[in-house]
Amino acid sequence: MFKAVTLIVRFVLELILLFSLGYWGFHLKGSFFLQFVVGLGLPVGAAIVWGLFISPKASGRVPLFAVLIMEAVLFAAAVFCLIQSGFTVFAVIFAAFAVINRFIVLKWNMQEF
């Protein structure tokens with residue numbers, strides 16, 4: 001039960017990460033074309049990186065250290081986007097949940113590497 005809840009929280013955090021990148025991109029100041037490209041490009045790029053390297057079923061196997069760095073960069077980008085979009089309190093809560101959840105996943109070996 002604990003493992004299932006932890007992995008569900010992780011999935012929700014990943015969805016928030018993608019949403020925050022897209023939300024920020026679509027609310028950039030500039031042309032509609034720029035907003036469209038950044039609003040779709042950032043989440044798609046993050047999803048590709050996640051699927052290729054971070055996902056438990058990733059096709060590209062990299063060391064855990066590299067996975068943690070890539071994951072930290074993506075979550076930091078999401079926090080930055082949330083703060084820039086005016087959701088500072090939510091950004092702090094999101095960051096805390098992401099760090100705690102990652103610690104739990106590592107501590108109880110819920111993800112294979």
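Things to note:
- In sequence order, region 17-22 has phi-based couplings of 4, 5, 4, 5, 5, x Hz under the Karplus curve 6.51 cos²θ - 1.76 cosθ + 1.60, θ = phi - 60°, and Gly or Pro positions carry x.
- Surface per residue (accessible, 1.4 Å probe) for region 18-113, Å²: 62 Å²
- For region 1-41, the relative contact order works out to 31 percent when only alpha carbon pairs closer than 8 Å and six or more residues apart are counted.
- Against the criterion of solvent-accessible heavy-atom surface with a 1.4 angstrom probe, 50, 24, 108 sort, most first, into 108, 24, 50.
- Projecting the Cα atoms of 99, 109, 51 onto the charge dipole of the chain, computed from C-beta unit charges around the Cα centre, puts 109 farthest toward the positive end.
- Contact order normalised by residue count of the chain, Cα under 8 Å, 6+ apart, percent: 30 percent
- Solvent-accessible area, 1.4 Å probe, carbon plus sulfur percent, for the chain: 79 percent
- Largest to smallest accessible area among 85, 20 [probe 1.4 Å]: 85, 20
- Cα-Cα P(r), the chain, percent of pairs per 5 Å interval: 2, 12, 20, 23, 20, 13, 7, 3, 1, 0
- Volume of the Cα convex hull of region 1-67, divided per residue and given in Å³: 93 Å³
- Only the Cβ atoms of Lys and Arg (+1) and of Asp and Glu (-1) were treated as charged; on that basis the dipole of region 2-113 about its Cα centre amounts to roughly 140 debye.
- Karplus-derived 3J(HN,Hα) values for region 28-44, using 6.51 cos²θ - 1.76 cosθ + 1.60 with θ = phi - 60°, are 5, 7, x, 6, 4, 4, 4, 4, 5, 5, 6, x, 9, x, 4, x, 5 Hz; glycine and proline are entered as x.
The values are calculated or read from the model by the stated rules, or taken from the named source; none is laboratory data. Since this is a predicted model, take the numbers as computed values, not measurements. Neighbour counts are summed over all protein chains in view; Cβ atoms, including those assigned to glycine, are modelled from backbone coordinates with ideal geometry. Heads up: the accessible areas ignore ligands, DNA and RNA and are worked out on the full protein's heavy atoms, side chains in. Shrake-Rupley method; radii C 1.70, N 1.55, O 1.52, S 1.80 Å.
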